[in-house]
Amino acid sequence: MAEGRFFSEEFGADSTKIIFNEAAIRVMGLDEPIGKTIHLWDEYDMQIIGVVKDFHFQSLHDAVNPLFFRLSPDNTWTGMIRLDANREKEALTALEKFYKEFNPGFTFDYKFQDVEYARQYAAEQRVAIHP
């Protein structure tokens, strides 16, 4: 986090809160954004509770684009989790158990971001023109 906080059950009603990345805050021209309210999609008034540091979520060749996070448990299909490399197997087992409790009958599927990035850039290297 660059400033503010993440979503938390301790505060309740975080479904009316929003977190932006630094790029979004720059684009919106907000000074001291924590606590300010924005109107999202002409439908929701959302209070800014946090600003995350910019990170690449698309190609590493592109500038970091604006991004926001909303807490909407009923509309969640994908999650990103940072694992301790020394406890990877234990964490995956716990995540699979958790997933199957809430999604019986569905397959627990996961990917490692570093592997996905390596695959993406390996493909780029194969098609790159070298002098």
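Please check: in the Gaussian network model of the chain (C-alpha springs, under 10 Å), which one of Pro104, Pro33, Pro73 has the largest mean-square fluctuation.
Pro104
Specify the residue with the greatest mean-square fluctuation among Tyr44, Tyr110, Tyr99, computed from a Gaussian network of the chain linking alpha-carbon atoms under 10 Å apart.
Highest fluctuation among the options: Tyr99.
When only Cα pairs under 8 Å and 6 or more residues apart are kept, what is the percent relative contact order across the chain? Please list the in-between numbers first.
Numbers: 125 pairs, mean separation 31.4, N = 131.
Relative contact order of the chain: 24 percent.
Count of lysine pairs in the chain with Cα atoms under 30 Å apart, counting only pairs 8 or more residues apart in sequence or on different chains?
So the count works out to 13.
What FRET efficiency would be calculated for the residue pair Asn75, Ala2, taking the C-beta separation as r and a Förster radius of 25 Å, to the nearest 0.05? It would help to have the intermediate numbers written out before the result.
Working: r = 26 Å, r/R0 = 1.02.
Computed FRET efficiency for Asn75 and Ala2: 0.45.
What do you get when you divide the Cα radius of gyration of region 77-131 by 2.2 N^0.38 Å, with N the number of residues? Show your work: numbers first, answer last.
Numbers: Rg = 16.1 Å, N = 55, 2.2 N^0.38 = 10.1 Å.
Taking the Cα Rg and dividing by 2.2 N^0.38 Å, one obtains 1.59.
Please identify, among Asp31, Asp14, Asp84, the residue showing maximal mean-square fluctuation in a Gaussian network model of the chain using a 10 angstrom Cα cutoff.
Asp84
Evaluate the relative contact order of region 1-75 (contact order divided by residue number), counting alpha-carbon pairs under 8 angstrom at least 6 apart; express in whole percent.
Working: 119 pairs, mean separation 32.6, N = 75.
Once divided by the residue count of region 1-75, the mean separation gives 43 percent.
If you take log10 I(q)/I(0) by the Debye sum over Cα atoms at q = 0.12, 0.13, 0.15 Å⁻¹ from the coordinates, which of (i) -0.68, -0.78, -0.97; (ii) -0.44, -0.52, -0.69; (iii) -0.51, -0.59, -0.78 do you get?
Of the listed options (i) -0.68, -0.78, -0.97; (ii) -0.44, -0.52, -0.69; (iii) -0.51, -0.59, -0.78, (i) comes from this structure.
Computed from the coordinates by the stated procedures, all read-outs in this text should not be read as laboratory data. All of these numbers come straight from a predicted model, not from anything done at the bench. Heads up, the Cβs are rebuilt from the backbone with ideal geometry, glycines too, and the neighbour counts pull from every protein chain shown.
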